[in-house]
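Readers should treat all values here as calculations from the given coordinates under stated rules, not as data from a laboratory. As the structure is a computational prediction, the values presented were derived from the model and not from experiment. Positions of Cβ are backbone-derived with ideal geometry, glycine not excepted, and every protein chain shown enters the neighbour counts.
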């Protein structure tokens with residue numbers, strides 16, 4: 001295996017992907033400013049739901065987050081042209097990771113995927129040609145890289161797609177409940193609105209989604225089926241881009257097609273060529289072997305962690321994030337907070353919208369970790385109003401894929417008395 005992964009291969013796919021990757025993350029960063037996302041998600045909220053344990057990581061005040069995202073956009077362009085590539089990518093990775101951890105009201109799987117791709121891109125010499133660095137440092141320039149530099153991206157995609165496909169093997173997807181609800185919101189779309197309501201379209205999307213996720217990487221890996229995989233990739237991802245509007249994710253996945261095609265002839269046309277002999281096998285340092293194996297073991301195990309918790313992950317959310325459970329269900333619900341003044345024994349009901357934006361309140365109602373976090377925030381706010389000692393209870397219900405509303409949080413549990421437990425089921429989250 002070491003001999004195979006250390007074989008020299010043409011590095012054109014890596015260079016082309018760097019161009020696309022840098023451009024896409026620049027579009028993502030600048031787009032967050034110009035579409036108003038930064039304002040809605042980072043500036044307007046009085047309270048931000050960070051990942052638990054990262055409460056110290058808060059958005060910058062004033063115009064700070066516009067500057068923050070502007071810098072990330074510039075870094076994306078620098079990565080694209082390969083200008084001090086590893087410095088630019090390292091800084092972008094840290095900044096993007098910070099954005100990811102400081103807010104989860106707008107959690108999206110491709111935000112997490114970008115972190116993983118950044119980590120992998122830091123390991124590979126994607127600036128060894130077609131870059132400012134290679135122009136400036138002639139000794140850096142080469143037309144080759146070790147085989148593992150391409151394979152790690154293929155394996156990452158195999159993990160993502162496989163878990164996405166396996167997660168769809170549940171009744172809510174197979175019976176078309178999620179797709180029917182998602183498409184019902186698009187009835188008034190011109191040209192395709194009526195078409196999206198047809199049952200045969202729902203069945204095509206349901207079966208096609210599972211087939212695509214589970215087969216696309218094998219199709220791309222084998223030369224006889226590769227063209228079919230490319231065609232299916234364009235159909236699948238462009239459909240998602242148009243119908244679901246999920247940002248750069250579909251285009252990032254299309255850019256990954258570079259890793260499955262030998263691009264040597266294309267590289268000879270677009271990239272500087274050196275009169276260098278084909279290198280002998282590259283040596284893979286021990287620390288890199290260990291690091292890559294550890295990375296992929298974690299990626300294989302992390303999506304399985306929901307089996308450690310009681311109940312259905314679609315309901316409890318325990319183990320949902322970072323597990324490629326993408327576009328599987330739609331959740332709706334409501335929650336109110338009952339606050340009891342322990343001194344006067346007077347109680348009152350508080351609606352989250354008194355403190356949160358509309359989107360935050362909607363996400364709060366269906367996510368137990370956010371309900372727990374909000375109880376702490378609410379305690380501090382009420383203490384400022386003079387209530388020194390209190391109890392806080394969450395009262396609400398949720399619906400999954402339009403099913404009957406049922407309670408999600410035990411209304412008899414004072415949330416201020418329970419600590420957050422990361423690795424075991426929280427008994428105050430009701431499993432049925």
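Some values worked out for this structure:
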read-out	value
Principal axis box of the range 46-136, alpha-carbon based, largest edge first, Å	47, 26, 18
Read-out Kirkwood radius over Cα pairs in Å, derived from the coordinates shown; its label in [x] 24.1; [y] 23.2; [z] 22.5	[x]
Centre separation in Å (Cα based) which lies between the range 176-228 and the range 387-410	34
Mean projection area, nm², convex hull over Cα of the range 176-226	4.4
Net length gained if the chain between residue 301 and residue 284 were fully extended (0.36 nm per residue, minus Cα distance)	3.7 nm
Acute angle (nearest 10 degrees) that the helix 12-34 long axis makes with the longest principal axis of the chain, alpha-carbon atoms	30
D_trans [Stokes-Einstein, Kirkwood Rh over alpha-carbon pairs] for the range 330-417, 20 °C, 1.002 mPa s, µm² s⁻¹	161
Acute angle (nearest 10 degrees) that the helix 148-167 long axis makes with the longest principal axis of the chain, alpha-carbon atoms	40
Gaussian network model of the chain, Cα within-10 Å springs - most flexible of 27, 242, 115	242
Sorted by Cβ density within 10 Å, fewest first, the residues 332, 323, 347, 375	347, 332, 323, 375
Burial order of peptide ranges 7-14, 315-322, 418-425, 386-393 (average beta-carbon count within 10 Å, highest first)	7-14, 315-322, 386-393, 418-425
Acute angle (nearest 10 degrees) that the helix 286-301 long axis makes with the longest principal axis of the chain, alpha-carbon atoms	40
Inter-centroid distance (Cα atoms) of the range 294-309 relative to the range 1-74, Å	24
